[in-house]
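Read the structure below first, then the notes.
The values are calculated or read from the model by the stated rules, or taken from the named source; none is laboratory data. All values derive from a computational prediction rather than experimental measurement. Every residue, glycine as well, gets a Cβ built from its backbone with ideal geometry; the counts of neighbours run over all protein chains shown.
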Amino acid sequence: MVVSGRESGREVLRRAGEASVLILTSLADGPKHGYALILDIKEFAGSQLGPGTLYGALDRLESLGLIEALPADDRRHPYRITSAGALALRDHLDSAERVSAVGRLRLALGGI
Amino acid sequence: MASPSQNRLVEAAVRCYPSAWRDRHGDEAIELGGLLMRDGISGVSVAWSYLRGAARQQLVVRASRRLAATLAALLAGASLVGVPLVLLSSSTPASADSSNEVVASISSHNDAAGQLESFFKLHHYRIGVEEVPSSPSQVGSILAVRPDAATTDDKPVPRMIAGPCAGGAPGCVDAIALPLHYVASAEVLIGRPAKTGESYYGPPDIFAPGELLHCSGVLGEALKQALPTLRGLHLEVVWDIGGGSARRAATPDGQLYVVGGDALSATSISIRVSSRSLANNDNEISRDQRC
């Protein structure tokens, strides 16, 4: 299955889980292989992604057409984000920002 | 610096993945595990992450073959790591259900998709059914379950229950056990007859019961001895040398050993060869000789 529309991309990414969002975010500034992804995600998100979780998410994102594997560099496979992946990530982040803004506003109004 | 025992633990966990996954990611996964251990992550943690990933892959990629062997490997690996086995245990017969589970069983391979769709609808599960091309023995069997939110490690997942394949061979999956309050959406893939030119989903192990080369005596043989049988099949053979990184059409050296293979479609198979025989791998040999 390959994601095509905006709505379906956001929905698919939501269902793909948090690790998928982290991976797409990491790949947004260029291709990376598994170890580089783990290091980068730990740096910008503070999350230590387990290698089993990483490969599961990579396989899922690739099957959805959101990332693609580049030719192997020795035994390492770099991945890059596709245009559909960038679209889905942008849509997801827009949605998250709207929720975040509403949440912060309501917390402030509630005086909590 | 990781100790040799930690390296072995990680390698054992990676071996729990399906062969197709290992062909693609295996070497890199072991290297990645080594790098993470070098960075201070414990080998147990790395191995457990791979074990969880392997359990999910076995649900998603190839549900219906080597189920018992796979679960045994996962259980052995998990016991090495010293973790709870709730996710991995799978010994309930197809007809049984516990107070915490509902079992969806297939009673007719001819109407497997219809039966499961009716069951899921009746019990208000958000589970879809998709039919995918399969080898004849897997028609009407459950080939995979794709749980939603596959990246979360803490949610329960459907559990496969082994049963007979179409034609009676053992080792397929004809039921799944669902947690009673399973609210996630998921997709169940059911085998259907492949059309001309379609690749099998999976693809299935060609030496498994019910498949073309089961009990053929080819598994473990030197290639020069196995070639007459393979040529007699009149199928396209794709040779897989060195862990899948070098697939090719030309026949390899006859001194190599046949160590595995997949049924790719009705007209093509892949055969894995290696310079190391299976002489010390009783599981692989016994799988082929269980005639």
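Values computed for the structure shown
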quantity	calculated
The range B:205-230 residues that are β-branched (V, I, T), paired with ones that are in a helix (DSSP H, G or I) (beta carbon under 6 Å, 6 or more apart)	B:V218/B:A226; B:V218/B:T229
Leading residue by the ranking (modelled with the highest pLDDT) among those in the range B:90-109 that are of a type outside the set (D, E, K, R) and over 23 Å from the mean Cα position of the chain (by Cα)	B:V102
Those residues of the range A:19-35 which are without any contact (Cβ under 8 Å) to a residue 40 or more places away in the chain and surrounded by fewer than 21 Cβ atoms within 10 Å (Cβ to Cβ), in sequence order	A:D29
Odd one out for B:R56, checked against (1) modelled with pLDDT under 85; (2) touching a helix residue (DSSP H, G or I) at 6+ places or on another chain (Cβ under 7 Å); (3) outside any loop (DSSP other than H, G, I, E, B); (4) more than 9 Å from chain A (Cβ to nearest Cβ)	(4)
Criterion: closer than 20 Å to B:I30 by Cα and at pLDDT 90 or above - qualifying residue of A:P51, A:P31	A:P51
